[in-house]
Each structure stands twice: as structure tokens, then as C-alpha cells.
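See below for the structure under consideration.
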Amino acid sequence: MLTDVIKSRFPNIVTQACVDRVDNFIVIKREGIKDIASALRDDPQFDFNLLMDLFGVDYLHWEEKALRFEVIYNLYSLRKKHRLFIKAPVPEEDPSIDSVALVWPAADWYEREAWDMFGVRFKGHPNLKRILMYEEFQGHPLRKDYPYNFRQPLVGPKN
Amino acid sequence: MGEVDLSKFSLLTTKLNDAIGWARKYSIFQYPFVTACCGMEYMSVACAHYDIDRFGAGFPRFSPRQADVLFVVGTVSHKLAPILKKVYDQMCEPKWVVAFGVCTCTGGFYDNYATVMGIDTIIPVDVYIPGCPPRPENVLDGLMKLQEKIQKQKQEIV
Ligand code: SF4
């Protein structure tokens, strides 16, 4: 199993591994993301050369969840045709994780989006600024504690 | 000489007003400010099948300085709002604005942090065409209402 191989290869980084139907999931410690990312890309056994998606999740109202945010990486190998989801929990008091933009250039805009929408800082990102909202916007709109209809107009009446 | 009796000229001035209105309403140069899905319906109106040219509004201009009707077609976000206002300010008088689709009329079904709740919070609007998206017939109806409005208003000549 792919997840078992990864787990035995990185016992200090991977905390959980499971397979749900056809999808492989691993949960990691956020400190290890850079190491595991470059290893998964370069090792011919894994060969994850495509970062398909990267996004944030806010578990504010979820009781079992001790850590508030999670960053999820969706990897795919074009040659081996296998897929892996990496989940990295991120605490509320310091919402930051290392950037993988230098491992997969595709991560550049995804990380900017996750920063813009969830306020997760990606350390080492070459150009971490808002990508969807405007610079004057305060806060991060997809956080569950952002009022969904709180508007911050640049021109025209306020709300 | 004494005073000029303006009442003698009233027939002339109203006829002149009508003539200018008639000319203006059939030579609409639109600026399509197309941002979202309503654009498809706009294209359908502008093309051969529904043929907006029959109403003298067939020629879209892509510079606000050359246009006199601003068609705001599609959702306007708060990020875009300053640009819409700038485009409106750049148009020369006389100018009119058509809000095309519910998104531009009221914000439509979007009630969130990103969307402007109706472009009339930013710029004045002359004709609202509701619908999500409005059918081409609906758009032509709105265009005829705009023409009626142009015909009836006092024509400022600068
Ligand atoms: S009114 Fe409907 S069709 Fe038009 S832009 Fe809004 S959502 Fe799209």
C-alpha cells in the first residue's frame, strides 16, 4: 500500500495514514511538509510530479478538532497514475506552514489563495499577497468567524 | 425692440427637442461592460438572430469615450466597483446606464462579502432589465424603454 510505504519511510512526520475507497490520505506534522514534499516528488517510487490542488479548511465549529485549520495537498503522479492527499493541521495561534512553492511551482497561486481566504501564512513563499480579494480588504473571508455578508466596499455605501 | 416673446418659439423648441431625441435614440453606441454569465445573453442579443442593430444600437464601442450607453452585464464585485465607476466617469454626456440581469440590479442571489448589492449604489441607472439571465426579448424590451426615455427627456445640447 502506498500509504503504508510512506508511513514507514517517514515515521517522524506522518502521524496517520488511511485509505478511503480509492483515495490515499496521510496526516502529517506541519514541520515536515517541506521534507516530505521534495521526497515524494523526487523519489521514483512515488514520483508525485503534479500538485493538482492545495487548499485550506477551517474547522472552527468542529468539536473533535483540536487544531483549527488544515492545509490539504492533492498530489498526482502522471507516470504512476496514483494519487495522494496530504493533510497538515495548523493551529489557530500560529497559522503558518512552510511553502512548497519551490517544490511545485503550481503551489504559488494556490498558497496565495489559501492565505487570502483562510489567513494561513506560507513561510518562504516568494510573493505571498492576496490573489482574489483587494489589498484594502481586512480579514480572511472564508474563515468561519468572518460574517459571510460583511462587505468592505471601496466605493459606494458601506453595507 | 423690447422683450422676446419666448412662447412664440415653444413649438420650435419642442420640435427641435423631439428631433434630437429621435436622432439620439436610434444611434446608441453601447459600451458592453461584460463580467459574467449574462454576457452570453448579451452576445445572443447582439448577434444576427435577435439583431440589436434593428433598434439602432448595433455597434459596440470598447472605449468609454466613444460610447453613450453603458451596458453593465453581469456580477460586479467590490474589487471591480472602482473600475466601473471610472468607466462611467470617462463617458461623455449625454450618457445612460442599463443594468442587465439581476446581479447588476440588486446583487441577485449573491449576498456575500464579494458582490456589490446593485450597481445603483455606485452609479445612476436608467433602465433595469431583470432576469437571470434576461431573455433576449426582455433585453430588447428594456432597450425600447430606454429609447422611449431618451426620446422624452429634455435634450441637453452642449
Ligand atoms: S444575473 Fe444571473 S446570469 Fe446574469 S450575471 Fe448574475 S448570475 Fe449570471
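The values are calculated or read from the model by the stated rules, or taken from the named source; none is laboratory data. This one's a predicted model, so the numbers in the text were calculated from it and none came from an experiment. Here Cβ is always computed from backbone atoms with ideal geometry, including for glycine, and neighbour counts include all displayed protein chains. Surface areas here come from the heavy atoms of the whole protein model, side chains and all, with no ligands, DNA or RNA. Shrake-Rupley method; radii C 1.70, N 1.55, O 1.52, S 1.80 Å.
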- Which one is farthest from the other protein chains (Cβ to nearest Cβ) among residues in the range B:60-106 that are hydroxyl-bearing (Ser, Thr, Tyr) and either open to solvent by less than 20 Å² (accessible area, probe 1.4 Å) or away from the ligand (no atom under 16 Å from the Cβ) (or both)? B:63
- Item | Unique match (being more than 16 Å from the ligand (Cβ to nearest atom) and not in a helix (DSSP H, G or I)) among B:23, B:36, B:48 | B:48
- Task: Mind listing whichever residues of the range B:107-132 are within 13 Å of the ligand (Cβ to nearest atom), farther than 22 Å from residue A:137 by Cβ and open to solvent by less than 60 Å² (accessible area, probe 1.4 Å)?
- Result: B:129, B:131
- When residues of the range A:99-125 are filtered for being open to solvent by 40 Å² or more (accessible area, probe 1.4 Å) and either touching a helix residue (DSSP H, G or I) at 6+ places or on another chain (Cβ under 7 Å) or assigned to a strand (DSSP E or B) (or both), how many remain? 2
- Task: Have a look at A:72, A:86, A:131, A:97 and point out the one that is among the β-branched types (Val, Ile, Thr) and within 14 Å of chain B (Cβ to nearest Cβ).
- Result: A:131
- Query: Just one of the numbered conditions (1) open to solvent by less than 60 Å² (accessible area, probe 1.4 Å); (2) within 16 Å of the ligand (Cβ to nearest atom) is not true of residue B:57; which one?
  - Reply: (2)
